[in-house]
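Inspection log for the structure reproduced underneath, given as structure tokens.
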Amino acid sequence: MNLASSLSSSSSSSSAHPLAPYGWDAGWESEFTSYAEQGCVPGRVVRVDRGQCDVVTAGGVLRADTAFVTPHDPLRVVCTGDWVAVEPDGNPRYVRAYLPRRTAFVRSTSSKRSEGQILAANVDHAIVAVSLAAELELARIERFLALAWESGAQPVVVLTKADLVTDPVTLAYLVQDVETAAPGVPVLSVSAEQGEGLDVLGAVVAGGTAVLLGQSGAGKSTLANALLGDDVMDVQAIRDVDGKGRHTTTTRNLLVMPGGGVLIDTPGLRGVGLWDAGHGVGQVFAEIEALAQRCRFHDCAHESEPGCAVLAAIDDGELPGRRLESYRKLLRENQRIVAKTDARLRAEIRKEWKRRGAMGKAMMEAKRGRAR
Ligand SMILES: Nc1nc2c(ncn2[C@@H]2O[C@H](COP(=O)(O)OP(=O)(O)OP(=O)(O)O)[C@@H](O)[C@H]2O)c(=O)[nH]1
Ligand SMILES: [Mg+2]
Ligand SMILES: [Zn+2]
């Protein structure tokens with residue numbers, strides 16, 4: 001089927017669809033056909049809470065039970081951002097199925113264990129929020145970015161609380177530092193307090209579905225409220241003593257933005273373990289992988305080999321030694337996780353996401369092309 005023509009044929013109906021502001025499009029509509037025939041209602045999960053979820057449908061928000069949808073596999077549970085087929089009535093009313101995901105942000109619940117946990121589904125932009133109130137930890141940002149790339153979404157780094165960095169030169173250096181740790185990733189500095197950078201962030205969010213990720217106290221909910229122009233999410237001051245957040249947000253919430261797009265606010269994460277993120281790690285360290293192509297030995301470990309282009313770049317001051325260390329560390333961690341998890345299951349899930357992701361992207365591009 002010709003994607004562009006199928007899109008244009010249904011574009012008028014999908015733009016009038018009450019779920020269009022939530023991201024409903026021709027692709028989801030066609031995925032949903034068989035469920036429509038069974039009398040189910042489509043909706044997007046806006047919150048998940050212990051076996052129950054809130055689903056926004058054309059008729060409003062419904063509470064539904066997720067017991068039907070493989071509750072024992074942590075990667076296949078219903079997640080905020082999922083498009084689901086809900087039974088038209090019933091007490092309890094059940095989610096019958098979720099539509100195949102286009103992207104999914106997954107982490108290991110801890111770097112020691114290999115259990116994957118899905119944090120958000122069908123996301124176009126994965127926004128990593130990092131507070132400028134504390135010292136920057138580049139390795140932590142790299143770790144988040146590996147997972148963000150792996151999710152299939154475009155990563156973005158948002159440096160929050162820019163008002164606390166009063167010297168503009170210092171701020172520019174901080175942004176630059178993060179940029180060297182994030183090739184191919186836009187890095188924005190924002191202040192929810194003073195409104196700086198919110199227009200740029202709003203424009204990113206308007207481009208589909210975005211998820212805000214980061215440590216507790218990074219200012220995610222404050223940003224969500226600022227973009228909403230309304231205090232929908234609770235915000236709390238962080239404890240002064242240790243700068244740790246309070247874990248104010250406890251559920252993942254999907255919000256429709258007045259300027260367009262959808263934003264998922266998430267609870268702060270203490271840490272994120274990699275979960276089968278080999279490609280993501282490669283993308284975070286794209287410049288090292290490019291340099292490695294020029295090493296004399298194709299299996300160069302960049303340790304002491306002659307003709308090593310990576311070590312030469314470190315010697316020249318072109319590549320910070322820290323980057324190579326961080327790269328090694330994440331590669332090792334990823335290998336450990338991969339060795340522990342079920343390869344067949346991983347491959348199956350990835351294949352599905354890749355296929356859907358490509359479809360979603362083609363659709364977004366077709367849509368943008370039309371809008372021009
Ligand atoms: N100075 C300043 N403080 C901010 C800014 N944004 C957020 N804060 C403060 O940072 C603290 C934590 O903000 P939250 O928005 O609750 O942080 P969060 O990331 O949602 O935290 P969790 O929900 O626990 O994950 C609050 O005291 C906010 O007022 C900002 O732009 N400037
Ligand atoms: Mg919050
Ligand atoms: Zn080398």
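Considering only C-alpha atoms, what is the centroid distance from the stretch 251-314 to the stretch 168-196, in Å?
First find each Cα centre; the distance between them is then 18 Å.
Can you list residues from other chains, or at least 5 along the same chain, whose modelled amide H is less than 5 Å from the amide H of Ile264?
Residues meeting the amide H criterion: Ala210, Val211, Leu212, Leu255.
So, counting K/R as plus one and D/E as minus one, what does the shell of residues with Cβ under 15 Å around Gly321 add up to? Present the calculation step by step, with values, prior to reporting the outcome.
Working: positive: Arg322, Arg323, Arg328, Lys329; negative: Glu142, Asp177, Glu287, Glu303, Asp315, Asp316, Glu318, Glu325.
Its environment carries a net charge of -4.
Convex hull over the Cα atoms of the stretch 258-308, averaged projected area in nm²?
Orientation-averaged projected area of the Cα hull: 6.7 nm².
Going 7 Å from the Cα of Ala286 along its beta-carbon direction, which residues of the stretch 141-162 have the amide nitrogen within less than 15 Å of the resulting point?
Taking a point 7 Å out along Cα→Cβ of Ala286, the residues of the stretch 141-162 whose backbone N falls under 15 Å are 145-157.
Could you name the aspartates and glutamates in cross-link range of Lys340, using Cα to Cα under 17 Å and dropping any fewer than eight places away on the same chain?
Asp73, Glu115, Asp276, Glu348
Amide H to amide H under 5 Å from Arg96: which residues, 5+ apart in sequence or cross-chain, H placed 1.01 Å off N in plane?
Here the answer is Ala85, Val86, Glu87, since their amide H atoms fall under 5 Å of that of Arg96.
³J(HN,Hα) across the stretch 81-90 via Karplus (A = 6.51, B = -1.76, C = 1.60, θ = phi - 60°), whole Hz, x for Gly/Pro?
So the Karplus estimates, Gly and Pro as x, are x, 5, 8, 10, 9, 10, 5, x, 8, x Hz.
What distance in nm separates the two pseudo spin-label positions at Leu164 and Gln38, each 7 Å out from Cα along the beta-carbon direction?
Output for this residue pair reads 4.9 nm.
Compute the whole-percent fraction of alpha carbon pairs in the stretch 114-267 spaced more than 25 Å apart.
Working: 2635 of 11781 pairs.
That tail contains 22 percent of the Cα-Cα pairs.
Give the calculated FRET efficiency between Arg296 and Glu135 to the nearest 0.05, with a Förster radius of 45 Å applied to their Cβ-Cβ distance.
0.75
Mind listing the phi-derived Karplus ³J(HN,Hα) values for the stretch 47-57, rounded to whole Hz, using 6.51, -1.76 and 1.60 with θ = phi - 60°, and x for any glycine or proline?
Running phi through 6.51 cos²θ - 1.76 cosθ + 1.60 with θ = phi - 60° gives 6, 10, 8, 6, x, 10, 9, 9, 10, 8, 10 Hz.
Check which residues have an amide H placed less than 5 Å from Trp24's amide H, if you skip close sequence neighbours.
Amide H to amide H, under 5 Å and 5 or more residues apart or across chains, Trp24 pairs with nothing.
For Glu303 and Ala20 in one chain, what is 0.36 nm times their gap in residues minus the Cα-Cα distance, to one decimal in nm?
Numbers: separation 283, 0.36 × 283 = 101.88 nm, distance 5.27 nm.
Gain on extension, Glu303 to Ala20, equals 96.6 nm.
Taking θ as phi - 60°, what are the ³J(HN,Hα) couplings along the stretch 213-220 by the Karplus curve (6.51, -1.76, 1.60), each to the nearest whole Hz, with x for Gly and Pro?
Working through the residues one at a time gives 10, x, 6, 4, x, 5, x, 5 Hz.
Read-outs throughout are calculated quantities, based only on the coordinates presented, and are distinct from any laboratory measurement. Fair warning: this is a prediction, and the values are worked out from it, not measured in the lab. Every residue, glycine among them, receives a Cβ derived from its backbone with ideal geometry; neighbour counts consider all protein chains shown.
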